[in-house]
Amino acid sequence: MPELPEVEVVRRSLSKFINGQKIKKVHIFNRNLRYKIDKNLKIFVENQKVISTKRKSKYLLIELSNNYIILLHLGMTGKIFILEKNTTHKTSFYYDNFFLKKHNHFSFEFNKSKKIIYNDVRKFGFVKILKKSEVKSSSHLRFLGPDPLSGKFKNEYLKNKLSKTKKSVKNFFMDQKYVSGIGNIYANEILHLSSINPRKKTFKIKKKLIPYLVKNTKLILKKSIKYGGSSIKDFKGISGKKGDFQEEFKVYEREGLECKKRGCNGKIKKIYISNRSSFFCPKCQSN
Ligand SMILES: [Zn+2]
């Protein structure tokens, strides 16, 4: 599932392509996504100019000139194909090498030679149209915790929340109501960099470690964005370039391999926490 860095990479690619452009035509090919595509999508979107393309957690928010917002979630396999004249760019996370038309759900046409197509094999993604004034209170965004790259995600906030919960720190980081946008890959990597055992109970985390956790969370996510996100299969950004952050994984999917932390010769172990694979180094993640 794409996490914050991959969605941010998609957002950056997309905004360069669509901001300031007028969406001339909307085509709906298949309404079946996590929620059925609203038949009225066309009415709200056609002939509107794209004002901005923002991201909140793993959601993309495309602001239109009529004060409506297109809320887009990529789910598990959602990808956006950007087509311009003879070039096709793909902005996706899990990407299956084939551009199968039967998985196309909708397209926005800007002019004859420029359009975007939303394609989703597993259909867990969705698109909704919301009034700008209703976005914050929508059921999707209302309960989201702070974006870890925002100023709201800081020492005081984390200290307060950690002391009030009793779950494993890994589950805490993956719980969207505490920190939004982080999934399995980055939760594992953040805890490794912070030398914290993923099973550690939140309220038992030493106070002095909290500033490191905040700093390392931002560091890992920013680094991944810089690398173009993580390409688990064949993710490609708009330039056709693959994301490279998977080369930087220190623990994720590295079971049995040597820990990459300087001075540590531990071996990465795989365990399950709430049925999710978790990777850590028993030697240096002892906090
Ligand atoms: Zn280690």
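Going by what's in this entry, would residue 128 be described as assigned to a strand (DSSP E or B) and open to solvent by 10 Å² or more (accessible area, probe 1.4 Å)? Yes, satisfied.
Being over 15 Å from the mean Cα position of the chain (by Cα) and under 11 Å from residue 280 (Cα atoms) is a property that residue 157 lacks. Count of region 18-52 residues, restricted to those that are open to solvent by less than 40 Å² (accessible area, probe 1.4 Å), part of a strand (DSSP E or B) and within 20 Å of residue 120 (Cα to Cα), is 1. Quick check on my filter: what residues within region 111-125 are under 19 Å from residue 53 (Cα atoms) and not in a strand (DSSP E or B)? Across region 111-125, the qualifying residue is only 125. Taking first residues from region 200-216 that are open to solvent by less than 20 Å² (accessible area, probe 1.4 Å) and partners that are small (Gly, Ala, Ser), the Cβ contacts under 6 Å between residues at least 6 apart in sequence or on separate chains come to 213/194; 216/194. Considering region 265-286, and only residues there that are in contact with an Asp or Glu (Cβ under 7 Å, 6 or more places away or on another chain) and not basic (Lys, Arg), the residue that is most open to solvent (accessible area, probe 1.4 Å) turns out to be 265.
Residue 219 fulfils the conditions (1) under 19 Å from the mean Cα position of the chain (by Cα); (2) within 16 Å of the ligand (Cβ to nearest atom); (3) modelled with pLDDT of 95 or more except for a single criterion, (2). Residues in region 238-287 that are within 23 Å of the chain's Cα centre (by Cα), part of a loop (DSSP other than H, G, I, E, B) and either within 8 Å of the ligand (Cβ to nearest atom) or among the acidic types (Asp, Glu) (or both): 244, 253.
The values are calculated or read from the model by the stated rules, or taken from the named source; none is laboratory data. Quantities reported herein were computed from a predicted structural model and do not represent experimental measurements. Virtual Cβ from ideal backbone geometry, glycine too; neighbours counted across all protein chains shown. We work out accessible area using only protein heavy atoms, side chains counted, and drop any ligands, DNA or RNA first. Shrake-Rupley method; radii C 1.70, N 1.55, O 1.52, S 1.80 Å.
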